Each structure stands twice: as C-alpha cells, then as structure tokens.
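Heads up, the thing below is written out as structure tokens.
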Amino acid sequence: MKKELKTLVNIVKTGSREEVKKAQKEIEDFTHWRGKKDRNSRDESFRIFLGEIKKFEQIPDIDHQCYFISSLKWAFFTLGSKHFDEFSKFVLGCIQHPSGKIRQSILKASDWLIMSFHTSLIFDLPKNSTNEQKEEINRDQLKFCQFVDKVGELSEQYFLPKYGRIKYISSLPVSEYKSIQMLLTEVLLRSNGYERIYDDYLRKINQDDAVADAETILTEIKLKYFQHDIDGKKLTYPDAVCSICNKKDIAIGATRNVFLNKPEFVCEDCAIIEYQTRYGFLSKEAATAHRRRIFDIQYLLHEMVIDEYLADNNIDDYEKIDTEIMGFLQELSQNIYNEKLSKAEKIVLENEQDQDVVESKIRILLSITLDNQQESIGRRLSRSQCCRPK
Ligand SMILES: [Zn+2]
C-alpha cells in the first residue's frame, strides 16, 4: 500500500539510512502521476513541504537535514514557480548555513527550483501564445532575476579581500562565499540563455529609473475635462495589429518605429505586461495604475492650465474656449511638463497618492512658470483672441 507523503517525510527526517533511501524513492514516485487531475492532487500533497521547511531547524541532525533537503527537490520541481517566494527564502537561508554539507545539499536541490520554470527561462515564446502565458513567463523571469539579485547581495556580504586574488571558483577555500558563488554561477546563471535574461533585466533597470514601490496600486487621478474611454469603452483601431500578440482591432498601448515607414503598434495589454516586467511591478494592477499615472499627471496639468486661462479671462465654461486657444493651451502645458519639471520632480508627482497634494504642487509650478511667461503668453493669447470672430 502506498504510504502518505507525510509519513514518508517523517521517515526522511528521522529514519535509518536505508529507510530514508526507500522513503525518498517513494516520494519520487509521487511526481510520476500522470494527467491533469492527478497533477493537481500531486501538487496538493507536495504542499506539506511548505509547512515542513518552516520546521527545518527542528530536524535532529545535519545528516537528516540533508536527507530532507534532498527530498525537497521534488517539491521545488512541482511547486517551485507557484511558491517561489517561500522556497527561495529557504534556499537563501541554507546557502549561508555554517555546515558545508547543508550548503552542498541545497545547491543540488536549487537546481530543481530553477528547473520548475525552465520553460520560461529557456524557450522563446511561441507566436500564438496568450497574454496570460506571456504574463506568467514575464513574472517567472522577474522572480528569477530578483532572486539572482539577492544571491548577488549575499555574495558581496560574504566576500573577503583575500578571495579577490582567486581566479576560479573551484579554487576558493570551502566557505559560505564559495557556495554562494556556486549558486550564482553554476545554478542560476549557468548558461548564456539565463545570463541573457538577467542582463536584459539589469539593462532595463539601469536604463530607466527603477520604481520605488513595486507593490502600491496608485489611486486614479480624477479628471474634469478629459476622459480615457468614451462611455466606458476603449477606443480601438480596426486596422491596427499588435506586433506582439497579433491581435487586431486593438486599443493602442504603444507605437514603435514611429519614424520609419511602417510604424508598429502594441496593444494596451501587451504594453502593460512589458511595463510591468521592465519596472518590476509585483502585480498587473500596480503596473496599470502607475502607467496610467504618467499620462494622467500630464492631463491634470493640462486641465489646470485651462482653468488658469478660464479664471484669467472670466470664462465660465471650458466648452466656450475656441479650438485655436485650446491648441495653444495644450502646447503650453506640454512645454511646462517637458521643460519645467525635472525627471525627479515628475517621479515625485507620479507617485503621490493624494490628488490634492499633486494639484497644489502643480499650482505652485504654474504660478511660477505662468508669471514668468505672462507677457509673451498674454501677447499670444490676446492676439489670437483678437482674431476670433465676435
Ligand atoms: Zn498585444
């Protein structure tokens, strides 16, 4: 009769060497179930390892701790991508363990953790993959890269000047540092493909400002005059095709190669997924809200420029402004946004949760810039008003 997984894990933690070997073999058999239904119940049973890793220190001796880690690889393999946070934390703890045996065991096991999302790390996406699949792959790659970051930090922490003279990892003295280096180079960045993913991630982070808070979902800016969607429906373009997912009739999220003959479009969904990966947002909601903010700050500034104009000219309704002046106000607000705000100031505005604070900051900015430019603005505005048919 088949033993329960829990019973087997207990044998691994306390049994004799022979018993442990037998139990480990039986645990391995659990991974061989076939079929989706089987897979679900298999994953369900492997979940007990999530609780077990928390009790790791209670395992009586180093040998049994190593046996346990060696069985853990099956949980890494089956649940790794779903429970990467918990498992990777465990790996980070073990790789710093004073016992070299433990460090060796976790090195071998972490190979399986990375394998659990090797599809995401190795293969290029098939053309017809769904947004859901892409999002999952982006997420996996992001988790992987952030884990590489953490291991890199550990490596700096354990580095000693005397290691600097040693050229090959294999020549390093046995140490936490050596194990961490092995995790980094032999498990994580083991091949060009993995390195490329990590390099891409680094390049993007260094190129753009990393987002300070990848978790927060920013509140939506309330606008008076402008709206994103007409009657709640996104404006789509029947002839536009997304260059990433090939969908037609899309809401356009980004345009590429604008200066070439054939510009490429990216649908809003794909643009958001790219945005999420590039900046390392933890959820699609946080990425969506942040991306929207960048546009909304500009809309809000534009609306406030309009309000200044309305107040200065005693006009009570925004609809009464003629098209030419509207065009001028739009140009003016774009210039203020582009030229009068530093990158750092833009980031501060984009990340401010309270719309009142955002508005008061913009108001200060407008009072300075509009005052300075008053004369020329006044001239241009009055000229254009003169020409307006009465
Ligand atoms: Zn798309």
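The values are calculated or read from the model by the stated rules, or taken from the named source; none is laboratory data. Since the model is a prediction, treat every value here as computed from it, not as a measurement. Please note: Cβ atoms are built from the backbone with ideal geometry, for glycine as well, and neighbour counts cover all protein chains shown.
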Note to self: Quick test for you: out of Ser170, Ser179, pick the one residue that is of a type in the set (Gly, Ala, Ser), within 29 Å of Lys101 (Cβ to Cβ), surrounded by 12 or more Cβ atoms within 10 Å (Cβ to Cβ) and more than 23 Å from the chain's Cα centre (by Cα).
What the structure shows: Ser179
Next item on the list: Hey, can you tell me all the residues within the range 275-305 that are in a helix (DSSP H, G or I) and under 9 Å from the mean Cα position of the chain (by Cα)?
Entry: Tyr275, Gln276, Thr277, Arg278, Tyr279, Lys284, Ala287
Check: Quick one: would you say Val174 is in the same structural domain as Phe77 (by TED's automatic domain parsing), assigned to a helix (DSSP H, G or I) and β-branched (Val, Ile, Thr)?
Finding: no
Check: buried (at least 21 other Cβ atoms within 10 Å of the Cβ) and within 15 Å of the ligand (Cβ to nearest atom): does that describe Ile306?
Finding: no
Item checked: Search result, residues across the range 326-360 that are of a type in the set (Lys, Arg) and surrounded by fewer than 16 Cβ atoms within 10 Å (Cβ to Cβ) -> Lys340, Lys343
Next item on the list: For the range 208-241, enumerate the residues that are touching a helix residue (DSSP H, G or I) at 6+ places or on another chain (Cβ under 9 Å) and either under 26 Å from Glu264 (Cβ atoms) or modelled with pLDDT under 80 (or both).
Entry: Asp208, Asp209, Ala210, Val211, Ala212, Asp213, Ala214, His228, Lys234
Checklist line | Residue among Ser81, Ser45 that alone is among the small types (Gly, Ala, Ser), part of a helix (DSSP H, G or I) and modelled with pLDDT under 95 | finding: Ser45
Note to self: Going through Ser382, Ser367 one at a time, which residue ends up being part of a helix (DSSP H, G or I), under 17 Å from Tyr309 (Cα atoms) and modelled with pLDDT of 85 or more?
What the structure shows: Ser367
Checklist line | the range 241-254 residues that are touching a residue at least 24 places away in the same chain (Cβ under 8 Å) and of a type in the set (Val, Ile, Thr), paired with ones that are part of a loop (DSSP other than H, G, I, E, B) and near the ligand (Cβ under 9 Å from one of its atoms) (beta carbon under 9 Å, 6 or more apart) | finding: Val241/Lys247
Checklist line | Condition met for Ile27 (of a type in the set (A, V, I, L, M) and touching an Asp or Glu at 6+ places or on another chain (Cβ under 8 Å)) | finding: no
Notebook entry, point to check: Within the bounds of the range 146-155, is there any residue that is part of a helix (DSSP H, G or I) and either among the hydroxyl-bearing types (Ser, Thr, Tyr) or closer than 26 Å to Asp29 by Cα (or both)?
Noted result: yes
Checklist line | Scope the range 84-122; condition outside any helix (DSSP H, G or I) and either touching a Cys at 6+ places or on another chain (Cβ under 9 Å) or not assigned by TED's automatic domain parsing to the domain that holds Asn40 (or both); matching residues | finding: Ser99
